[in-house]
Amino acid sequence: MSQGYHGAFGGAFIPEILRETFRQLTEAYRTARRDPTFWDDYLRLMENYSGRPTPLTLAENISQEFGGRRVYIKREDLNHTGAHKANNVMGQGLLVKRMGKHRVIAETGAGQHGMATATMAARMGLECVIYMGAEDVERQRPNVFWMEQLGARVVPVTSGSKTLKDAINEALRDWVGSMDDTHYVLGTACGAHPFPEMVAWFQSIIGEEARRQILAQEGRLPTHIYACVGGGSNALGIFQAFLEDTGVELVGVEAGGHGLATGKHAARLAGDGVIGVAHGYKTYFLQDADGQMRDTHSVAAGLDYVGVSPILSHLRDAGRVRFAAATDHEVVAALKRLMRAEGIIPALESSHAVAQALKELPRLPPDAVVIINLSGRGDKDIFTVADAIDDPGWRHFIRAKATQYANRDTTGAT
């Protein structure tokens, strides 16, 4: 990597007014990487506050179902706040303290990054504002509730498609006017340099742990690793420790939505992404014939971003990572299957990786050892999943709660 480029991708396409802020951030990041005490402090924080190392769990029932192929699940859902997002925000929080800033802003799609940022801000005594597409606010109301209770101000973004790309635009507008005292806690390995490299560094803790754990449990490296890909932070987190091991096939799974042929998806690398520049960096984006960003779709709010990490674009074009897409229907089915088989409730985002692994397991060698990176918890998706499976008990519960709130509004009772 040189000057923020990964092959032909990356860079820092930023307004002149932000150049000094990015220069300061890059210097703070470079200094931290050279300082072993920073990483020691980071590891100590993640161990004592976030609950690391997260387990590498053998999915015994699924392994038996597929003829003894060994299937392991890396449990990032067991991080504090319920997702791999904690790895990145806690690292950036330590950098914010070093830089002497007192306010953080962030964007979020599924709400997990927003919740992790709000948690970090509460822990470190920072003012916090979260930008979130209005559509995602509705889809992820439980996470909005918790962000607000943690002390963050959540700003619904009503422009464009009202999803993650629009939230990023609003966060960038805020930053241009507040950069002296504010740090933008970018949630994934995208954006202008140094964000892709910096976020990937903090997330590398996933793969380093998984490598030690699989060697301890199996005595050898895995044959295949599956991870979902929105921006790409959890995928890069686990892939990085295995990039030099060419015997390990790395599979990134994007949002196939209603199917690639429908155009209603978010598959940039497995679908029809085109190289372009937006949000401060160069990568594959979903664009129309005029080069404008297309609307995206996924049942998982965290995967419907229009771009993807420049590092993953490079690894795809270099042939090191293979990309696939799972449809909404396949994802919901995989979620239900993992719950029933193993008692684990995956996030809809993570269920993309589960779905692709389940599709491919019958074709893998009988001695295959597979790791699925479970990037987050599924309880945040209860409204979306209940809608998808049309559960009658849940409908009755919601009607009863609606009646209860309506009566409270009428009578003023609490």
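Looking across segment 21-57, the residues that are among the aliphatic types (A, V, I, L, M) and surrounded by 15 or more Cβ atoms within 10 Å (Cβ to Cβ) come down to Leu25, Ala28, Ala32, Leu45, Met46, Leu56. Of everything in segment 294-304, what is open to solvent by 10 Å² or more (accessible area, probe 1.4 Å), in contact (Cβ under 8 Å) with a residue 60 or more places away in the chain and of a type outside the set (Val, Ile, Thr)? Give them in sequence order. Scanning segment 294-304 gives Asp295, Gly302. Just to be sure, is Ile345 of a type in the set (Val, Ile, Thr) and more than 17 Å from the chain's Cα centre (by Cα)? Against the criterion (of a type in the set (Val, Ile, Thr) and more than 17 Å from the chain's Cα centre (by Cα)), Ile345 does not qualify. Is it the case that segment 378-401 has a residue that's at pLDDT 90 or above and in contact with a His (Cβ under 8 Å, 6 or more places away or on another chain)? Scanning segment 378-401 turns up no residue that is at pLDDT 90 or above and in contact with a His (Cβ under 8 Å, 6 or more places away or on another chain).
Which fully enclosed helices (runs of 4 or more DSSP H) of segment 313-414 have 1 or more residues being under 29 Å from Pro55 (Cβ atoms)? In segment 313-414, 328-342, 348-360, 382-389 are the helices (runs of 4 or more DSSP H) which contain 1 or more residues that are under 29 Å from Pro55 (Cβ atoms).
Residues that are among the hydroxyl-bearing types (Ser, Thr, Tyr), over 30 Å from Leu172 (Cα atoms) and in a helix (DSSP H, G or I) are absent from segment 48-59. Look at Asn87 and say whether it is among the polar types (S, T, N, Q) and surrounded by fewer than 16 Cβ atoms within 10 Å (Cβ to Cβ). For Asn87, the condition - among the polar types (S, T, N, Q) and surrounded by fewer than 16 Cβ atoms within 10 Å (Cβ to Cβ) - is not met. Note on segment 247-273: residues that are assigned to a loop (DSSP other than H, G, I, E, B), in contact (Cβ under 8 Å) with a residue 60 or more places away in the chain and surrounded by fewer than 24 Cβ atoms within 10 Å (Cβ to Cβ) amount to 2. If a residue has to be of a type outside the set (Gly, Ala, Ser), part of a helix (DSSP H, G or I) and over 18 Å from His6 (Cβ atoms) to count, how many in segment 184-237 make the cut? Residues meeting the conditions: 11.
When Met115 is tested against (1) among the hydrophobic types (A, V, I, L, M, F, W, C); (2) within 24 Å of Cys228 (Cβ to Cβ); (3) open to solvent by less than 10 Å² (accessible area, probe 1.4 Å), only condition (3) is not met.
Here Phe66 does not qualify as out of contact with any His (no Cβ under 9 Å at 6 or more places or on another chain), within 28 Å of Met147 (Cα to Cα) and open to solvent by less than 60 Å² (accessible area, probe 1.4 Å). Among residues of segment 174-187 that are over 17 Å from Gln203 (Cβ atoms), those with a beta-carbon under 8 Å from a residue that is open to solvent by less than 50 Å² (accessible area, probe 1.4 Å) and part of a loop (DSSP other than H, G, I, E, B) at least six positions away or on a different chain give the pairs Asp181/Lys101; Thr182/Lys101; His183/Lys101.
Residue count for segment 65-118, restricted to those that are on the phi > 0 side of the Ramachandran plot, out of contact with any Lys or Arg (no Cβ under 9 Å at 6 or more places or on another chain) and in contact (Cβ under 8 Å) with a residue 60 or more places away in the chain: 2.
Out of Gly276, Gly291, one residue alone is without any contact (Cβ under 8 Å) to a residue 60 or more places away in the chain and part of a strand (DSSP E or B). It is Gly276. Tallying residues that are buried (at least 24 other Cβ atoms within 10 Å of the Cβ), aliphatic (A, V, I, L, M) and over 16 Å from Pro310 (Cα atoms) within segment 211-245 yields 3.
Considering (1) free of Cβ contacts under 8 Å to residues at least 60 places away in the same chain; (2) open to solvent by 20 Å² or more (accessible area, probe 1.4 Å), the lone condition that Ala334 does not fulfil carries the number (2).
The values are calculated or read from the model by the stated rules, or taken from the named source; none is laboratory data. Computed from a prediction, not measured in an experiment: that's the story for all the values here. Reconstructed Cβ throughout: ideal geometry from the backbone, glycine too, with neighbour counts over all protein chains shown. Surface accessibility is based on the protein's heavy atoms, side chains included, excluding ligands, DNA and RNA. Shrake-Rupley method; radii C 1.70, N 1.55, O 1.52, S 1.80 Å.
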